[in-house]
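To start, the structure itself, in C-alpha cells.
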Amino acid sequence: MLAVVALFGQIVVIAVGRWRDGGRGQASSWRYAAASLVAGTAGWLAVGRPDLVGGDVGLALLCGVILGSEAAVTAERLSGRAWPGWTVSAVGGAASSTWLLDTPLPFV
C-alpha cells in the first residue's frame, strides 16, 4: 500500500516536471540513484527482511531506484533546492521495499 502511494507520487512529480519543461526530461543523477538504493535497503531491513523473489525485487528496483532518482532530480529542479530531491529519493526508496512484503504494510 505504501509503495503504491509512493509510486503514484513519483509519477505525479515527474509528470508535473515534464509538463513545466515542455516534455523535456533530465538525466537521472547517480547520487539520487545510490541514495534510493540505500534507502530501499534500509526499508527492507526495517520491514523484517522478507524473502527476495525475482519479480518483486525487479519491481522494487524499478519503482525505488529508477523512478525514485528521476523524481528526485525533478523535485530538485522544480524547487530550486537540494533537500526536496534527497527527501523524494529517500522516501521513494524506503517505500519501494514494501513491494517485497506478502501483504500490504498497514494491514500486516
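Give me the orientation-averaged projected area of the Cα convex hull of region 27-98, in nm², one decimal.
4.2
Using alpha carbons only, how many degrees (0 to 90, rounded to 10) separate the axis of helix 2-20 from the longest principal axis of the chain?
So the inclination is approximately 10 degrees.
In the Gaussian network model of the chain, springs joining C-alpha atoms below 10 Å, which of Ala82, Ala27, Ala39 carries the largest mean-square fluctuation?
Judging by the Gaussian network model, the answer is Ala27.
May I ask you to evaluate 6.51 cos²θ - 1.76 cosθ + 1.60, the Karplus curve with θ = phi - 60°, for each residue of region 64-80 and list the ³J(HN,Hα) values in order in whole Hz, giving x for glycine and proline?
x, 8, 6, 5, x, 6, 5, 5, 5, 4, 5, 5, 5, 5, 5, 8, x
So if I place +1 on the C-beta of Lys and Arg and -1 on the C-beta of Asp and Glu, and nothing else carries charge, what would the dipole magnitude of region 27-98 be about its Cα centre? I want it in debye, nearest 20.
That gives a dipole near 220 debye.
For the pair Arg18 and Val38, how long in nm is the line joining their label points, each one 7 Å along Cα→Cβ?
In this crude label model, Arg18 to Val38 measures out at 2.9 nm.
Which residue, Leu67, Leu52, Leu78, has the most motion in a Gaussian network model of the chain that connects Cα atoms within less than 10 Å?
Greatest mean-square fluctuation among the candidates belongs to Leu52.
In sequence order, what are the phi-derived ³J(HN,Hα) couplings for region 82-99 according to the Karplus relation 6.51 cos²θ - 1.76 cosθ + 1.60 with θ = phi - 60°, rounded to whole Hz, with x for glycine and proline?
Per-residue couplings from phi come out as 7, 5, x, x, 5, 5, 4, 4, 5, 5, x, x, 5, 5, 5, 5, 6, 5 Hz.
Starting at the first residue of region 49-63, write each ³J(HN,Hα) from the Karplus equation 6.51 cos²θ - 1.76 cosθ + 1.60 with θ = phi - 60°, in whole Hz, x for Gly and Pro.
After applying 6.51 cos²θ - 1.76 cosθ + 1.60, I find 6, x, 4, 8, 10, x, x, 5, 5, x, 5, 5, 5, 5, 6 Hz.
Does region 6-49 classify as rounded, prolate or oblate by the C-alpha gyration tensor (a ≥ b ≥ c root eigenvalues; a/c under 1.5 gives rounded; else a/b over b/c gives prolate, otherwise oblate)?
oblate
Helix-derived [θ] at 222 nm for the chain: sum -39500 (n - 2.57) over DSSP H runs of at least 4, divide by residue count, nearest 500?
My calculation for the chain gives -21500 deg cm²/dmol from helical runs alone.
For Val57, what is the net charge nearby, where nearby means another residue's Cβ is under 15 Å from its Cβ and Lys, Arg count +1, Asp, Glu -1?
For residues surrounding Val57, the net value is -2.
A short reminder: the numbers here are calculations on the coordinates, not readings from a lab. None of the values given here were measured: they were computed from a predicted structure. Quick reminder, even Gly has a Cβ in these numbers, built from the backbone with ideal geometry, and neighbours come from all protein chains shown.
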